[in-house]
Each structure stands twice: as structure tokens, then as C-alpha cells.
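Have a look at the structure that comes next, please.
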Amino acid sequence: MMEQASTKINAMPKNNEIYICGFNMSSLSPNWKLGVSVAGIFILYICFGALQEAIFSANDLRSYSPFLTLYQFGIYSVLSFLELRAHGYLLFNPWIHLYAIVAVLTLGSIALSNASVGFLNYPTQVIFKCCKMIPVLLGGVLIQGRRYSIYEVLAVLLMTLGLICFTLVDVSIQPKFTLFGVFLVSLALCCDGALGNFQEIIMKKYVRSNSEILFYSYSLGFCLLASVLTISGNLLPSFYFFNDHALQTYGYGFIFSLSGYFGVQFVLCLVHSHGALTAVTVTTFRKAVSIAVSFIMFEKPFSQGYIWSGLLIVFGLYLNLYNKNRSSWNTAILNKLKSYHLVKSDATSILTA
């Protein structure tokens with residue numbers, strides 16, 4: 001059956017080819033790839049965050065946030081389908097049960113994340129979403145039986161401490177803070193953790209492409225959410241509400257969805273061309289800018305505790321990254337120290353061991 005599936009799919013893009021909006025980025029020089037990727041990440045994700053907060057600030061969207069997710073999934077399904085067709089894919093897959101699980105987790109992650117914006121200070125939501133490693137590590141232990149190093153455990157502990165401190169600051173200064181918002185974004189993170197592990201299983205065990213996984217995740221998620229809204233009787237009321245506020249819902253939501261979809265493509269391009277360290281540095285700085293934009297555009301109280309809590313989380317992120325690149329990082333650090341005559345040459349074998 002697996003052989004049958006492989007004959008139904010035309011040649012995939014080569015591993016060294018990167019497409020964004022239908023354009024092949026592989027022919028660009030490394031510097032151009034870096035510049036285009038960084039510009040795309042900042043422009044699209046800052047736009048994504050500002051529009052997401054604007055949608056919930058302009059309207060009381062708490063009761064209708066699932067319809068926003070449905071609209072978002074519909075756009076993502078169309079875009080991922082067009083991407084598959086542009087690369088010559090013919091859709092056929094015998095592992096639909098695995099994709100159904102991924103679709104449910106994707107739906108839970110995005111729907112709960114969207115809903116949490118209506119109950120949380122937006123910077124708090126962004127900080128929670130930075131800590132995806134926490135549920136990923138727990139999911140790796142429970143789903144794949146993995147064991148993790150002391151560096152990864154310390155990274156998770158630092159992130160957890162940062163989240164606790166950030167939340168305590170929020171409780172002390174935010175008049176509309178609700179634990180329900182924390183509950184929603186925490187569930188979204190749990191879905192993220194399980195989702196990453198299932199996506200890894202599909203990509204490694206069945207050798208499927210990112211584009212195919214995205215298409216099935218969003219299209220099946222769209223059908224599932226549409227069914228739930230129809231059965232619960234919320235589909236038509238949500239539709240009428242969106243029609244009454246078309247610009248702030250359909251208009252903002254369309255640009256918001258496009259920004260989120262293509263933002264992922266630019267992140268993948270940056271990882272492919274310049275590695276995970278550069279990508280994490282850029283995306284971390286981008287999130288800091290998004291938080292700053294949120295404080296500037298949408299009036300809210302501020303405390304220095306946000307900065308210190310955020311630094312704990314950033315340190316945890318880089319500790320995890322160091323764990324994955326210990327050998328190369330130690331070598332680079334030693335070479336730099338040796339160039340300043342700060343260490344002896346025989347120290348190399350100690351730190352790189």
C-alpha cells in the first residue's frame with residue numbers, strides 16, 4: 001500500500017529547493033536569502049500579531065473565535081492545496097487516520113490560541129507560545145519514549161520559571177486578567193507538544209512532505225470544526241456576526257491568515273539557509289518587537305517584571321539550542337578565545353570532549 005501511495009505522487013521538490021509564494025529561493029545568494037527571510041518574518045509576523053489583537057480588541061469575539069479559526073483554516077487549506085498542485089502533487093494517502101490525529105491537534109492548537117487572546121494580555125499569550133519546548137519534551141517522553149539531557153531539562157525549568165514570573169506580573173497589574181486565558185493557552189501548548197511529535201513520526205516513518213502534512217491538517221481540521229459548529233448551532237450566528245463586522249473580521253482575518261501561512265515559509269527558508277541558531281535569534285527578537293508593538297498600539301500597563309521574566313525564557317531557549325550544538329559551539333568559542341590568547345591550545349580537548 002505504501003508503494004501504491006508513492007506512485008500517486010509526482011516528483012517532490014529537491015531537498016535543496018525552497019519555494020515561497022511560488023518563487024524558487026534556491027538561486028539567491030546566502031546574504032539575499034538572509035535579508036529576504038528576516039524581512040518576511042518581521043513584516044508578516046508583526047502584522048499577524050497586530051491584526052490578531054486588533055480583531056479581538058475591536059469586537060467582543062470571545063463567543064465567535066471558533067468561526068475565525070474556521071475562516072483561517074479555510075484559507076490555509078486553499079493555499080496549501082495550491083502549493084501542492086504547483087509542485088505537481090496528486091493527492092492520495094493511505095495514512096488518513098494519522099492525518100486525522102494531526103488535524104485534531106492542529107485545530108486544538110490554533111483554535112485555543114485564538115480563543116486565549118480574548119481572555120489574556122496579548123504579550124502574555126506570546127510569551128506562553130515561546131515555550132513550546134515544554135510540552136514537546138513531555139510529549140516526547142510520553143509518545144516516543146525519549147530521554148532528554150540535563151541541558152534540556154534545565155531549559156524547560158527556566159522556561160517554566162519565566163512563565164510563572166510573567167504570569168504573576170500580569171496578575172498584579174492587569175485589571176482583566178483571567179486564569180481561564182492561561183488555561184486555554186496552556187491547552188494550546190499541550191496540543192503543540194503532541195502535534196510536533198506526530199508530525200515528526202509522519203515525516204520520518206512515512207517520508208511525507210511539509211506541504212502534504214499542512215494540507216491534510218488544515219482541510220480535515222476545517223471539516224471537523226465546520227461539523228462541530230453546525231451541530232452546536234453556532235455556525236449561522238457566527239456567520240451573521242462576521243457579516244455585520246465584515247472589515248474587522250473577514251478583512252483583518254484574511255490578511256492575518258495570509259501573514260501566518262507565509263510567515264512559516266520564511267522561517268523554514270531561514271532554517272534551511274542559515275541554520276536553527278539564526279532562525280531562533282531572529283524569531284525571538286521578532287517576538288520581542290511584537291510585544292513592544294502591542295504595548296504601543298494597544299494601551300496596557302507595563303512593568304519591568306515582564307523584561308526579567310522574558311529573559312529567563314530567552315535563556316532557556318538558548319540553553320536548549322546550545323545542547324543541540326554543543327560540539328560546534330564549544331569549538332567556535334575556543335577558537336575565539338585562543339585568538340585573544342585567553343586559553344591554551346591544550347584546553348580544546350577538554351571542552352570539546
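Readers should treat all values here as calculations from the given coordinates under stated rules, not as data from a laboratory. What you see is a predicted model, and the numbers here were worked out from it, not measured in a lab. Cβ atoms come from the backbone with ideal geometry, glycine included; neighbour counts cover every protein chain shown.
Order the peptides 306-315, 105-114 from the highest to the lowest mean number of other Cβ atoms within 10 Å of their residues. Walk me through the numbers before you get to the answer.
Working: 306-315: 18.2, 105-114: 22.8.
Averaged packing, sorted descending, gives the order 105-114, 306-315.
Classify the range 189-330 as rounded, prolate or oblate from the Cα gyration tensor: take a ≥ b ≥ c as the square roots of its eigenvalues, call it rounded if a/c is under 1.5, otherwise prolate when a/b beats b/c and oblate if not.
Verdict is oblate for the range 189-330.
Separate question: Non-local amide H neighbours of I20 (under 5 Å, H modeled in plane, Pro and chain starts lacking H): which ones?
Answer set, sorted by chain and number: M25.
Calculate the tail of P(r) for the range 254-323: the fraction of all Cα-Cα distances greater than 17 Å, expressed in %.
Cα-Cα pairs in the range 254-323 separated by more than 17 Å: 57 percent.
How long are the three semi-axes of the equivalent ellipsoid for the range 205-264, computed from the Cα gyration tensor as the root of 5 times each eigenvalue, in whole Å, largest first? List each step's numbers first, then the result.
Numbers: eigenvalues 150, 69, 4 Å².
Working through the eigenvalues yields semi-axes of 27, 19, 5 Å.
Listing T160, T230 from the residue with the fewest other Cβ atoms within 10 Å to the one with the most, what is the order?
Going from least to most buried by this count: T230, T160.
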